[in-house]
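Chemist: Okay, here's the structure, questions in a sec.
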Amino acid sequence: MSLADFSMDFFKLDGKVAIVTGGNTGLGQGYVVALAKAGADLFVPTYDTNWEETRALVEAEGRKIEFAQADLTKKEDRAKVVEKCMEVYGRIDILVNNAGTIRRAPLLEYKEEDWQAVMDINLNSVYHLSQQVAKIMVGQGSGKIINIASMLAFQGGKFVPPYTASKHGVAGITKAFANELACHNIQINALAPGYIETANTAPIRADEKRNAEILSRIPADRWAKPFDLMGAVVFLASRASDYVNGHILAVDGGWLVR
């Protein structure tokens with residue numbers, strides 16, 4: 001392929017089908033809308049059924065969207081998600097492993113059940129759902145898996161030991177899957193959002209001292225909004241990123257380089 005063959009059409013997702021877990025609120029909703037604007041149809045498994053705003057945003061772009069209530073920590077629910085998406089659309093081109101949780105407590109007080117709950121959704125479900133979807137992508141001869149990492153895939157953090165462990169694990173899974181699936185024309189990468197204005201970060205932003213500490217380290221001098229991740233997810237889902245594999249893409253306003 002020559003330089004002249006490159007086209008902005010490489011960023012389009014017309015005819016593609018994307019699963020975005022937890023895609024009804026926050027960053028997940030941003031990923032869903034971005035992929036729809038690029039031309040993809042959506043399948044969105046969520047834990048709750050707060051779907052109508054996201055449905056309206058996608059349908060306004062002229063794209064199709066289906067939802068499924070699912071607990072992705074359960075094997076039978078993960079299987080249901082894959083089966084239902086295939087039943088509705090007949091293919092899966094993109095998987096965005098966005099669903100996750102965080103529980104905060106000092107290390108010496110952290111409860112075993114909280115550790116397990118965070119690891120089950122943030123890491124274990126990512127591995128198992130990706131494995132299932134990868135089998136379909138291998139049969140199709142192509143696919144994109146986009147995991148959601150974090151600044152705590154690079155750092156230790158405080159008061160969130162399982163979240164940190166899970167996001168380091170997400171980075172590792174991303175690299176391991178890339179090594180095995182690249183030969184099938186499947187690219188697996190991760191987005192590592194910086195400090196974003198979402199419900200998960202509300203307690204930090206409400207802490208005046210901690211909020212000031214964070215802002216002082218961000219060269220962009222502001223918290224990000226879900227909007228700031230939308231271009232990156234389209235890039236990693238599109239043909240434009242076909243030679244990007246096993247990469248953890250930080251979208252952090254410069255946090256890691258300060």
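Just so it is clear, none of the values below were taken in a lab; they were calculated from the coordinates. This is a predicted model, so every value here is computed, not measured. Virtual Cβ from ideal backbone geometry, glycine too; neighbours counted across all protein chains shown.
Chemist: Using the charge dipole of the chain (Lys, Arg: +1 at Cβ; Asp, Glu: -1 at Cβ; taken about the Cα centre), state which of THR73, PRO219, GLY169 has its Cα farthest towards the positive end.
Modeler: Comparing the listed Cα positions along the dipole, PRO219 ranks first.
Chemist: Beyond 29 Å between alpha-carbons counts as too far, so tell me which of LYS37/LYS75; LYS16/LYS80; LYS37/LYS80; LYS12/LYS225; LYS37/LYS158 fall in that bin.
Modeler: Violating the 29 Å Cα-Cα cut-off are LYS37/LYS75; LYS37/LYS158.
Chemist: Mind putting a number on the dipole of the chain about its Cα centre? Charges go on the C-beta only, +1 for Lys and Arg and -1 for Asp and Glu, and I need it in Debye to the nearest 20.
Modeler: 400 debye
Chemist: Can I ask one more? Which of VAL244, VAL88, VAL96 ends up with the largest GNM mean-square fluctuation for the chain, with Cα atoms connected below 10 Å?
Modeler: Maximum fluctuation in the GNM of the chain, among the listed residues, is at VAL88.
Chemist: Tell me which DSSP H helices of the chain clear both cut-offs, 20 Å or more of axial length from alpha-carbon atoms and a mean Kyte-Doolittle hydropathy of at least -0.5.
Modeler: In the chain, the long hydrophobic H runs are 125-140, 161-181.
Chemist: Return the Cα extents of the chain along principal axes one, two and three, sorted largest first, each rounded to a whole Å.
Modeler: 50, 45, 38
Chemist: If each DSSP helix of 4+ residues adds -39,500 (n - 2.57) and the sum is divided by the residues in the chain, what number results at 222 nm, nearest 500 deg cm²/dmol?
Modeler: Calculated mean residue ellipticity at 222 nm is -12000 deg cm²/dmol.
Chemist: What per residue convex hull volume, in Å³, comes out for region 127-180 when only alpha-carbon positions are used?
Modeler: Hull volume over Cα atoms, normalised by residue count, gives 69 Å³.
Chemist: Moving to a separate point now. Which semi-axes, in whole Å and largest first, does the equivalent ellipsoid of region 74-140 have when worked out from the alpha carbon gyration tensor as the square roots of 5 times its eigenvalues?
Modeler: Working through the eigenvalues yields semi-axes of 31, 10, 9 Å.
Chemist: Extension gain GLU76-ASN124, at 0.36 nm per residue separation less the Cα-Cα distance, in nm?
Modeler: Here the segment from GLU76 to ASN124 would lengthen by 15.9 nm.
Chemist: Hey, if you drop one equal point scatterer on each alpha-carbon of region 144-258 and run the Debye formula without solvent, what base-10 log of I(q)/I(0) do you get at q = 0.13, 0.20, 0.22 Å⁻¹?
Modeler: -0.53, -1.10, -1.25
Chemist: Summing +1 for each Lys or Arg and -1 for each Asp or Glu, what net charge is found among the other residues whose Cβ lies under 15 Å from the Cβ of ILE92?
Modeler: +3
Chemist: I would also like to ask the following. Treating only the Cβ atoms of Lys and Arg (+1) and Asp and Glu (-1) as charged, compute the dipole magnitude of region 1-134 about its Cα centre; round to the nearest 20 debye.
Modeler: Using only the charged Cβ atoms, the result is roughly 140 debye.
Chemist: Follow-up question, since we're still on this one. Which of TYR243, TYR127, TYR47 ends up with the largest GNM mean-square fluctuation for the chain, with Cα atoms connected below 10 Å?
Modeler: Looking only at TYR243, TYR127, TYR47, the biggest GNM fluctuation is shown by TYR243.
Chemist: Give the aspartates and glutamates whose C-alpha is closer than 16 Å to that of LYS167, dropping any in the same chain fewer than 8 places away, or say none.
Modeler: In chain and number order, the partners are ASP114, ASP120, ASP252.
Chemist: Once you put a point 7 Å from the Cα of LYS111 and another 7 Å from the Cα of GLU87, both along the Cβ direction, what distance in nm separates them?
Modeler: Spacing of the two 7 Å Cα→Cβ label points: 3.6 nm.
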